[in-house]
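Accompanying notes for the structure given below.
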Amino acid sequence: MREQNFGTYRVSAIGFGTADFGGKHPEGLARELMDAYVSIGGNFIDTARVYGDFVTPRNGESEKIVGRWMTERGNRDRIFLSTKGGHPPFTDLHHSRLSPEEIRGDMAESLEDLQTDHVEIYWLHRDDERRPVGGIMETLQELVEKGYTRMVGVSNWKPERIREANAYAEAHGLVRLAANQPQFSLARQHFFLDSTTRGMDEETWKMHAETGMICCCFTSQAHGYFNRLDKSGEAALTENLRREFDSPENRKILERIRTVQEETHLSVGSIALAWLTSQPFPTFPLAGASRPEHVEALREAGEAVLTECQRDFLRRMDGR
Ligand SMILES: NC(=O)c1ccc[n+]([C@@H]2O[C@H](COP(=O)([O-])OP(=O)(O)OC[C@H]3O[C@@H](n4cnc5c(N)ncnc54)[C@H](OP(=O)(O)O)[C@@H]3O)[C@@H](O)[C@H]2O)c1
């Protein structure tokens, strides 16, 4: 799989997501999927304090599985490890958990469950706009100074808050946010089951294009929307896929994907991911999988390149 710069690291073009580990995906399957990802040359694993069980919820299930797998495989030093904290409780998604104590506590628990002394990037999973960015950036600085993380980023934050946070960091000589983690896929997501998540809107895209800030995007394959529609038609769409992604706009995009396929001979899924990796700023799609074949499909996607012309034919993000 192709690699590109992420700070001072060389990181796989497509990261691997572990949100279902310990919940929908039992440990055996999770390990099989991570082994498959590493076997195609992947080194970027994304997890979070809250991943694993969104129902009960039990904290750290995904991190514990990733931690045990890295220890057994002895591959920690070859993995670009990404985790997140500061997520509100699932019973009250608007309850802020971004105090210094909460962030420090989440970080410590993550390191323990991941069986490591640091991660490569640590993300704040949600924002609380009532809390000034200054205090948050001071806490993130502390995590870097203590060596718990090399870089910091935010997920589901508004672009104006990201700009404000980095302006504060600049003015106070603190570590800047290295990356942003929004939802972003070739299929436009029309509906979010969790209203506290944020998609790549025009303003966020402009911020990335202007600043060159790294984007690591989730639900990057639109949960397989194009793959399913292309292969098996409308009947293959689940209720959630219909609600989140099915629209005349996205169906038109599938037609364009088929045109690009004639030129590139790439699979539908590879074109959808290559559209992301061809953005004018560094973009690392985070892909999930429920079967080893899904991971195998990332082998081609991780090498695929589109021309600017093909990218813009599929969907333009610059408003032109
Ligand atoms: N920061 C955040 O707030 C946030 C939010 C969500 C996710 N994330 C991160 O991003 C990662 C990826 O997110 P995601 O799982 O939503 O992304 P995704 O890659 O869009 O969805 C993964 C799902 O798509 C389906 N799929 C994958 N490959 C396929 C293929 N070749 N053909 C058909 N279907 C295929 C599978 O679903 P089925 O087989 O089950 O249909 C798979 O479980 C997560 O694991 C997590 O690390 C972050």
**OP:** Select from the range 23-66 the residues that are of a type in the set (Gly, Ala, Ser), within 15 Å of the ligand (Cβ to nearest atom) and outside any loop (DSSP other than H, G, I, E, B) and write down the one among them that is surrounded by the most Cβ atoms within 10 Å (Cβ to Cβ).
**Re:** 62
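Every residue, every condition in (1) within 23 Å of residue 126 (Cβ to Cβ); (2) assigned to a strand (DSSP E or B); (3) more than 15 Å from the chain's Cα centre (by Cα), yes or no:
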{"position": "165", "(1), (2), (3)": "yes, no, yes"}
{"position": "178", "(1), (2), (3)": "yes, yes, no"}
{"position": "188", "(1), (2), (3)": "yes, no, yes"}
{"position": "230", "(1), (2), (3)": "no, no, yes"}
Subject >> Evaluation of residue 82 against (1) surrounded by 17 or more Cβ atoms within 10 Å (Cβ to Cβ); (2) hydroxyl-bearing (Ser, Thr, Tyr); (3) more than 15 Å from the ligand (Cβ to nearest atom) (one fails), failing number >> reply: (3)
Original post:
Mind checking whether some residue in the range 88-98 is of a type in the set (Asp, Glu), without any contact (Cβ under 8 Å) to a residue 12 or more places away in the chain, more than 16 Å from the ligand (Cβ to nearest atom) and outside any loop (DSSP other than H, G, I, E, B)?
Top reply: no
Original post:
Given the residues 180, 156, which is the only one that is touching a Cys at 6+ places or on another chain (Cβ under 8 Å) and closer than 30 Å to residue 250 by Cβ?
Top reply: 180
Subject >> Members of the range 1-21 that are buried (at least 23 other Cβ atoms within 10 Å of the Cβ) and farther than 23 Å from residue 270 by Cα >> reply: 21
**OP:** With respect to residue 179, determine if the residue is crowded, with 20+ Cβ neighbours inside 10 Å and either at positive phi or modelled with pLDDT of 95 or more (or both).
**Re:** yes
**OP:** Could you list, in sequence order, all residues of the range 110-129 that are away from the ligand (no atom under 16 Å from the Cβ) and closer than 18 Å to residue 144 by Cβ?
**Re:** 111, 116, 117, 118
**OP:** Can you work out which of the residues in the range 121-149 that are of a type in the set (Asp, Glu) and surrounded by fewer than 22 Cβ atoms within 10 Å (Cβ to Cβ) is farthest from residue 77 (Cα to Cα)?
**Re:** 129
Subject >> Members of the range 284-301 that are in contact (Cβ under 8 Å) with a residue 40 or more places away in the chain, in contact with a Ser or Thr (Cβ under 6 Å, 6 or more places away or on another chain) and more than 8 Å from the ligand (Cβ to nearest atom) >> reply: 301
Subject >> Some residue of the range 204-216 being assigned to a loop (DSSP other than H, G, I, E, B), within 8 Å of the ligand (Cβ to nearest atom) and out of contact with any helix residue (DSSP H, G or I) (no Cβ under 8 Å at 6 or more places or on another chain) >> reply: no
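The rows are residues; the columns are (1) of a type in the set (Ser, Thr, Tyr); (2) more than 19 Å from residue 48 (Cα to Cα).
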| site | (1), (2) |
| --- | --- |
| 149 | yes, no |
| 163 | no, yes |
| 178 | no, no |
| 187 | no, yes |
| 194 | no, no |
**OP:** Report, by residue number, each residue of the range 232-270 that is under 26 Å from residue 198 (Cβ atoms), of a type in the set (Asp, Glu) and either in a helix (DSSP H, G or I) or within 13 Å of the ligand (Cβ to nearest atom) (or both).
**Re:** 239, 244, 249
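The values are calculated or read from the model by the stated rules, or taken from the named source; none is laboratory data. This is a predicted model, so every value here is computed, not measured. When we count neighbours, we look across all protein chains shown, and the Cβ atoms used for this are built from the backbone with ideal geometry, even at glycine.
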